[in-house]
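Every number here is computed from the coordinates shown, using simple stated rules; none is lab data. For clarity, every value in this text was computed on a predicted model and none was experimentally measured. Cβ placement follows ideal geometry from the backbone for every residue including glycine, while neighbour counts extend to all protein chains displayed.
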Amino acid sequence: MKTARIGILTVSDRAAAGVYEDLSGKAIVETLSAFLTSPWEAVYRLVPDETEQIVQALLTLTDAEGCDLVLTTGGTGPAPRDITPEATEQVCEKMLPGFGEQMRRASLTFVPTAILSRQTAGIRNRSLIINLPGKPKAIRECLDAVFAAVPYCLDLIEAARLETNPDHILAFRPGS
Amino acid sequence: MKTARIGILTVSDRAAAGVYEDLSGKAIVETLSAFLTSPWEAVYRLVPDETEQIVQALLTLTDAEGCDLVLTTGGTGPAPRDITPEATEQVCEKMLPGFGEQMRRASLTFVPTAILSRQTAGIRNRSLIINLPGKPKAIRECLDAVFAAVPYCLDLIEAARLETNPDHILAFRPGS
Amino acid sequence: MKTARIGILTVSDRAAAGVYEDLSGKAIVETLSAFLTSPWEAVYRLVPDETEQIVQALLTLTDAEGCDLVLTTGGTGPAPRDITPEATEQVCEKMLPGFGEQMRRASLTFVPTAILSRQTAGIRNRSLIINLPGKPKAIRECLDAVFAAVPYCLDLIEAARLETNPDHILAFRPGS
């Protein structure tokens, strides 16, 4: 079975400057470790909230590193430096608005400010890119809300096959 | 009472190649037959998943055939050949994001992979175009979820007046 | 405490022509008066459904008048003259799709035609712009649905601080 490559891109001025530890990237790794039973390896990148650097990191993770899935964290709010969704849209060939809708709806059950999140998702060639929030707790909530659909999405774009641990997340594949 | 013209556009490489029968187009006709009590006629087209052919078919159905409503089926997923929403956006003057949101939300009660659907809707001149999924069962679920708003939408763009059978769908017109 | 400036932009051919009174603008003022306990002042504009006039009014309210928040009413439906969302998008640097999703979802509990609304929201520099519907009753329903997130959004873009009356709306600020 092919080892899936999963890009983890932390977008944060302060983490990139070494002001604090990147707990968000760690939260993604922990969640994926709980979710996945098939072999995978992480490809990690950390950049500040600069469009050009986010775009370049996304291109490296998808085109050069061949990641099947790329999860970004940070930069999805309304503040002036939050530009991860725009950078994501710039590299994607098609957008999947249902991911953003579903993550905001899930987060709304916790905080009314969830509507301020501009998270989106899209496809570049054989990679699925999903924006996650910056806060570690919210990362898990959002992955809980959408991950059941991720393995089938990767099947459809001919990326690596993912198997999940049903105690944590139940992957759904229509017709199977 | 003016006979409404309803375009049914099946977008499918395999159906267009004659590999299998277009059951999706049939499912749309059956649902409309159950829903509508006012006179209507179907204008049918079948094209492969090619942007230029989808765009041309949409232009023919709206501008040349004068359809009040155009329902597409197929090509709304994340796979490389799925490009119906982009073709739809290309011909529309304004988009109606509430249709996609509501159809995905309705489909989510059946399958978690509903977030992968990129269905949208929009207006071109006096025609409302709505993307439906490819699977016959999902077509009915999506029409159940949004059709109550379709007759009033056609009123607002000065298209044909639709009357519905309240045993199947209850059209809502504010203030009436 | 800085007095917040709140732009109220009524977009309506008939109100602009003096055919009827602008009850929508009044409904916004009444709702804000009930919601806000911190000092604020209204900056009012009324324009017909013309893209150029809406864009100019939005630029005046944000850039020249320095409004922290701009609430538009009218022009968000599918009819040919409804172009407020497009004008809004034209002046915004970033869009906040969660507002439109949440307002449509809230309105759907009252009318199935809520999916026809194309309301959106976005940021221009230090101003948050939100499209509200044209009907006074629907204005209050939409503000009820999203206003809890507005004060924190203004904090994030360094606009004026808003305090709310918890009997009417409970502003939420994460981590506070």
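Summary of computed values
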quantity	calculated
For the protein assembly as shown: rounded, prolate or oblate by the Cα gyration tensor [a/c cutoff 1.5]	oblate
Whole-number percent relative contact order across the stretch A:4-156, with pairs defined as alpha carbons under 8 Å at least 6 apart	26
Net charge of neighbours whose Cβ lies under 12 Å from the Cβ of B:L162, counting Lys and Arg as +1 and Asp and Glu as -1	+1
Low-density loop cleavage sites - trypsin sites (Lys or Arg not before Pro) in the stretch B:1-90, where at most 11 other Cβ are within 10 Å (DSSP)	B:K2
Unit charges at the beta carbon, dipole of the stretch B:4-156: most positive-side option, B:T76, B:L116, B:V150	B:L116
Order of A:V47, B:V29, A:V11, B:V19 - criterion: other Cβ atoms within 10 Å of each residue's Cβ, fewest first	B:V19, B:V29, A:V47, A:V11
The stretch A:110-160, relative contact order in percent, only Cα pairs under 8 angstrom and at least six apart counted	31
Cβ-vector label at 7 Å, B:E163, separations to other copies in nm	5.9, 5.9
Value of [θ]222 nm, deg cm²/dmol, for the protein assembly as shown, DSSP H segments ≥ 4, -39500 (n - 2.57) each, nearest 500	-10500 deg cm²/dmol
Local electrostatic count, B:V146, Cβ distance below 13 Å [Lys/Arg +1, Asp/Glu -1]	+1
Label spacing, shortest first and in nm, from B:R81 to its equivalents in the remaining copies (7 angstrom along Cα→Cβ)	4.6, 4.6
Global form of the stretch B:4-156, assessed from the alpha-carbon gyration tensor, a/c cut-off 1.5	rounded
Prolate/oblate/rounded label for the stretch A:1-68 (Cα gyration tensor, a/c 1.5)	oblate
Partners for A:K94 among lysines (Cα-Cα distance below 27 Å; same-chain residues under 8 apart left out)	A:K2, A:K135, B:K94, B:K135, B:K137, C:K94
Shielding by other protein chains, A:143-153, mean Cβ within 10 Å	3
Length-normalised contact order of the stretch A:75-136 in % [C-alpha pairs under 8 Å, at least 6 apart]	39
Inter-copy separations for B:N125, label at 7 Å along Cα-Cβ, nm, ascending	4.1, 4.1
Where chymotrypsin sites (Phe, Trp or Tyr not before Pro) fall in DSSP loop in the stretch C:1-94, at most 12 other Cβ within 10 Å	C:Y20
At most 15 other Cβ within 10 Å, DSSP loop - GluC sites (Glu not before Pro), the stretch B:73-126	B:E93
Total formal charge among the other residues, if their Cβ is under 14 angstrom from that of B:K94, Lys/Arg +1 and Asp/Glu -1	-2
For the A-to-B rotation axis, chain A residue with nearest beta carbon and its distance in angstrom	A:E101, 3
Charged-residue dipole, Cβ positions (Lys, Arg, Asp, Glu), the protein assembly as shown about Cα centre, Debye nearest 20	820
For chain A, built as a Gaussian network whose Cα springs stay under 10 Å, the top-fluctuating residue of A:L58, A:L132, A:L116	A:L116
